[in-house]
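**Student:** This is the structure, below, for whatever I ask next.
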Amino acid sequence: MITQHNPTENRPSKELKRLARACLLGRYPVPIAAMLAAWFLPGVLLAPFSAGLTAQWNPSAVIYLLATGIIGLLGQLLTVNVTRIHILLGRKQQTSYQDLLWAFRNRPDRYLLAALLMGAMLLVPLVPVGAAVFLLIKDSSAGTWILTIVILAAIAAELYLIFTYGLIYPIYLDHPQISVLEGFRTSRMLMKGNRKRRFVLQLSLIGWQALGMCSAGIGFLWIQPYLTQTVVNFYLDLTDGFEQKERTIDDSRDAASVYG
């Protein structure tokens, strides 16, 4: 059963970031490789489908949209690999380049279904935005302030959903026996009373993101693993996962034993 330890014992953001630096010290190559795969491989695979693409609706556009959806799901599996590697680092366990393919060998359907559900949920707040844009085009006298309010409300709703259900991948990795929907319920339970803390943590990382952009993106090779490790440490802190140093998240043999 997944439980949350005493919230009064939660580590502050400063401590989570210090632990992230300690986890990555001398162990950057694998998380950097995983990050690069998740960032660039989907774009490389999608590039051939953009050839001959125009603003008009034609078969090429349909194929491009289908390819975008399929390759986007592939990108989610690569993201799962990134998350798993950082969980292992957070628990001081070994990682290897073989971990870059882990999600493709261990029940990828669960992560794909979770990605589809999450994507559908994130589309819901965008519906009012589309409706407001349509009404504004038909009747500009309504004023852009209506559209501004709707957009701000949609952004707030998106952030709420992301912070509420953003733990589903580490939850599935730690508990392969639970269902997809149970993973969403568990993420909501863990984040109850912790959304503000998560938001403050994210704000504290903005400076590092700005530094990465100022370095023409090169700095992200080291900054992004640090940011990801910090967020994963937030999950480990919520679940007391730092205390599970001797435990290894399920490998292919563990998954096979669970699912028969």
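Computed from the coordinates by the stated procedures, all read-outs in this text should not be read as laboratory data. The structure presented is a predicted model; accordingly, all values stated were derived computationally and were not measured. Heads up, the Cβs are rebuilt from the backbone with ideal geometry, glycines too, and the neighbour counts pull from every protein chain shown.
**Student:** Subtract the Cα-Cα distance of ILE162 and TYR28 from 0.36 nm times their separation in residues, and report this length gain in nm to one decimal.
**Tutor:** Computed gain between ILE162 and TYR28 is 45.6 nm.
**Student:** Nearest 500 deg cm²/dmol is fine: what mean residue ellipticity at 222 nm does the chain get from its DSSP H runs of n ≥ 4 alone, each adding -39,500 (n - 2.57), divided by its residue count?
**Tutor:** Here the helix-only value at 222 nm equals -22500 deg cm²/dmol.
**Student:** For the pair ALA216 and ARG188, how long in nm is the line joining their label points, each one 7 Å along Cα→Cβ?
**Tutor:** 4.8
**Student:** Along the charge dipole of the chain, pointing to its positive end and built from +1/-1 on Cβ of Lys, Arg, Asp and Glu, which listed residue (GLY119, TYR165, LEU201) has its Cα farthest out?
**Tutor:** So the residue furthest toward the plus end is LEU201.
**Student:** Give me the distance in nm between label points sitting 7 Å out from Cα along the Cα-to-Cβ direction at ILE178 and PHE40, one decimal.
**Tutor:** Those two pseudo-labels are separated by 3.5 nm.
**Student:** Output ³J(HN,Hα) for the range 145-151: one whole-Hz value per residue in order, computed from phi by the Karplus curve 6.51 cos²θ - 1.76 cosθ + 1.60 with θ = phi - 60°, and x for Gly and Pro.
**Tutor:** Running phi through 6.51 cos²θ - 1.76 cosθ + 1.60 with θ = phi - 60° gives 5, 5, 4, 4, 4, 5, 5 Hz.
**Student:** Output the pairs from LYS17/LYS196; LYS14/LYS196; LYS92/LYS196 with a Cα-Cα distance over 19 Å in this structure; if there are none, say none.
**Tutor:** Flagged as over cut-off: LYS92/LYS196.
**Student:** Separate question: Need one number: nm distance between label points at MET121 and SER204, each 7 Å from Cα along Cα→Cβ, rounded to one decimal.
**Tutor:** Computed distance between label sites MET121 and SER204 equals 2.5 nm.
**Student:** Treat every Asp and Glu Cβ in the chain as -1 and every Lys and Arg Cβ as +1, leave all other atoms uncharged, and give the resulting dipole magnitude about the Cα centre to the nearest 20 debye.
**Tutor:** Rounded to the nearest 20 debye, it is 480 debye.
**Student:** Right, next: Which whole-number percent gives the relative contact order of the chain, counting Cα pairs below 8 Å spaced six or more residues apart?
**Tutor:** With pairs under 8 Å counted, the relative contact order is 31 percent.
**Student:** Pull out a ≥ b ≥ c, the square roots of the eigenvalues of the alpha-carbon gyration tensor of the range 145-215, then state rounded if a/c is under 1.5, prolate if not and a/b is larger than b/c, and oblate in the remaining case.
**Tutor:** Verdict is oblate for the range 145-215.
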